[in-house]
Structures are given as structure tokens and as C-alpha cells.
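What follows is one structure encoded as C-alpha cells, with my remarks underneath.
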């Protein structure tokens, strides 16, 4: 596709897909724009450049060109490429992921042309993400579970033949009943949190299972590096030496690859829903989208 921009930044843009995740932009900036930029650059140079025989700011343009043409050319290219690239993305409605790879830069007859190869967000063909069936269980805590938790508590505190009354007081509860009530409450909250976590996981899995798209390589690599780093920190905390940890690098990468892939895919899907539903793309975006999906889901008690 080819598009042109009017006004001061008149330029031609040609975009073509290289593969599923990359786009190459062929950008040409008009002579008019390049001339304007040269004027600005020489005006600035004229004020700052020290040229023998001329007071600062008084050297004519041709003298400046003779002394500083290479510098001016570099400045023009350095200024115009980011500007033209940014406008090209907006014009072609391209969501770039990483910084572009710039190549084939030419400035001839006052026309600047270059190629920008960039990784883009994949097209995600989202189906209906509202009214997803959510099966939930009513949270209950059985007497057996309370007893088991109390036995674990006694074991942890190494209670030796102490009566339940004394044991409950040693933990700061006036009665055995109060201790039972507290344990029940803690188990309830824990089960509730686990249930909520599984609901969210199930919801996202339901959406992801119906989608097929390629994970952008750069995002996947970055996430994998972060997960490997976290794993290394944990191994170091367990007392493993740097040599041992480094020898685990390849194994960790292999082990954590599916998790990194899943996390990036999840992020991109949530990001796409945020875009469609006008949810602000800030640091709370993921949680806001999950809240939206839970609100819109079809809740069914098991």
C-alpha cells in the first residue's frame, strides 16, 4: 500500500509485510521538507559556528556550506528520519513493538529516502470475549479440614501433650472455640483467593484457546530473559554458586519458554481487548481488563 502526506512533511510511504510479524516501510521525504530542514540546521550552525574572518552569526550560507556541509547533512538525516518514521507509523496505522532497523539511507537531490523494518503487533482475531461461561463453586470449609489445619498447627508449634485450652491460649486465643473460628476464617479466605485465581486463569485460557497467532520474537525473548533472571536469583538465594547457576542457563530457558510464551500472548490479548473497549493502556491495564471480563462473564454455580 502507498500513501502520501501533505503539508510541510510531504512524503511517500510504502508498507509491505515481510512475514507474519514484520513490516518494511519504504519512506521518501520530499525535497521541500529536506530544504526546510537544511535551512533550520544552517541557521543554527550560523549562530554557533566559529569561522575565521567572520564574527559569530555573520558568515554567509555559502561559506557555512563550504565548511560544514557534512555536519549539516548528518544533522538533517538525524532529525528527519525519526520524524518521518513516526508519521509513517501513524499514517499506516502500524503498532510497532520494537525500535526499527533503518537501512538504505539516501539523500540525493534534496530527497531523503530510507527503509525501516519493524516488528509489529500480531493481528488478533478476537471472537466473542464477553459472556464467557464461568463455573464457580460455593466456598465451604469442612470440620475435617479445620481439624487437619489444627493438627498441622500443633506440629509446627511442637505442642507436647498440652491441652487444647492451653494450646489455644499459647497462640493468643482465649478459648478453643475462638481458635477454631480463626482457623476456619483463614481457610475460607485462602480457598476464596484460590478460587478467584482459578476463575481468572480459566477465563484467560478460554479466550487464548480459540486464538492462533505468532508471538513476537523480541517480546518473547525479553520476557524469557526476565523469567530466567528471576529463577537465577531464587537459586542464588538457596545458596547455589554462580558457576552452578550459569551451567543451568540453557535448561532454565527451555523450561521457562512455554511460560514466557503464554505470558506474552496473554498480555497481547488483554492489550487488544483494552484497545477495543477503550480501557487506558497504563500499568493497571491487565487487571482492569480482567475485571471487565469477569463483570461481563456468564457466572454458573457448579
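The values are calculated or read from the model by the stated rules, or taken from the named source; none is laboratory data. The model shown is predicted, which means the values in this text are computed figures rather than measured ones. Here the Cβ is made from the backbone with ideal geometry for all residues, glycine too, and neighbour counts use every protein chain on show.
A few comments on the model shown:
- With respect to (1) modelled with pLDDT of 90 or more; (2) assigned to a loop (DSSP other than H, G, I, E, B); (3) closer than 30 Å to residue 10 by Cα, the lone exception for residue 114 is condition (2).
- Matching option when the condition is surrounded by 16 or more Cβ atoms within 10 Å (Cβ to Cβ) and closer than 30 Å to residue 297 by Cβ, among 199, 150: 199
- Contact map, segment 197-209: residues that are more than 12 Å from residue 266 (Cα to Cα) and in the same structural domain as residue 265 (by TED's automatic domain parsing) paired with residues that are surrounded by fewer than 18 Cβ atoms within 10 Å (Cβ to Cβ) and modelled with pLDDT of 90 or more, Cβ distance under 8 Å, separation 6+ or inter-chain. Pairs shown: 199/294.
- Residues in segment 275-302 that are farther than 21 Å from residue 196 by Cα and in contact with a helix residue (DSSP H, G or I) (Cβ under 9 Å, 6 or more places away or on another chain): 277, 279, 280, 281, 282.
- 1 or more residues under 29 Å from residue 203 (Cβ atoms) and free of Cβ contacts under 8 Å to residues at least 40 places away in the same chain: qualifying helices (runs of 4 or more DSSP H) within segment 219-302: 249-276, 285-296
- Filter pass, residue 297 being under 25 Å from the mean Cα position of the chain (by Cα) and within 21 Å of residue 210 (Cβ to Cβ): no
- Residue 177 in contact with a helix residue (DSSP H, G or I) (Cβ under 9 Å, 6 or more places away or on another chain), crowded, with 16+ Cβ neighbours inside 10 Å and over 30 Å from residue 209 (Cβ atoms): no
- Failed item in (1) out of contact with any helix residue (DSSP H, G or I) (no Cβ under 6 Å at 6 or more places or on another chain); (2) surrounded by 14 or more Cβ atoms within 10 Å (Cβ to Cβ), with residue 159 passing the rest: (1)
- Set side by side, the residues 26, 37, 44 differ, and just one is modelled with pLDDT of 85 or more, in a helix (DSSP H, G or I) and surrounded by 12 or more Cβ atoms within 10 Å (Cβ to Cβ), which is 37.
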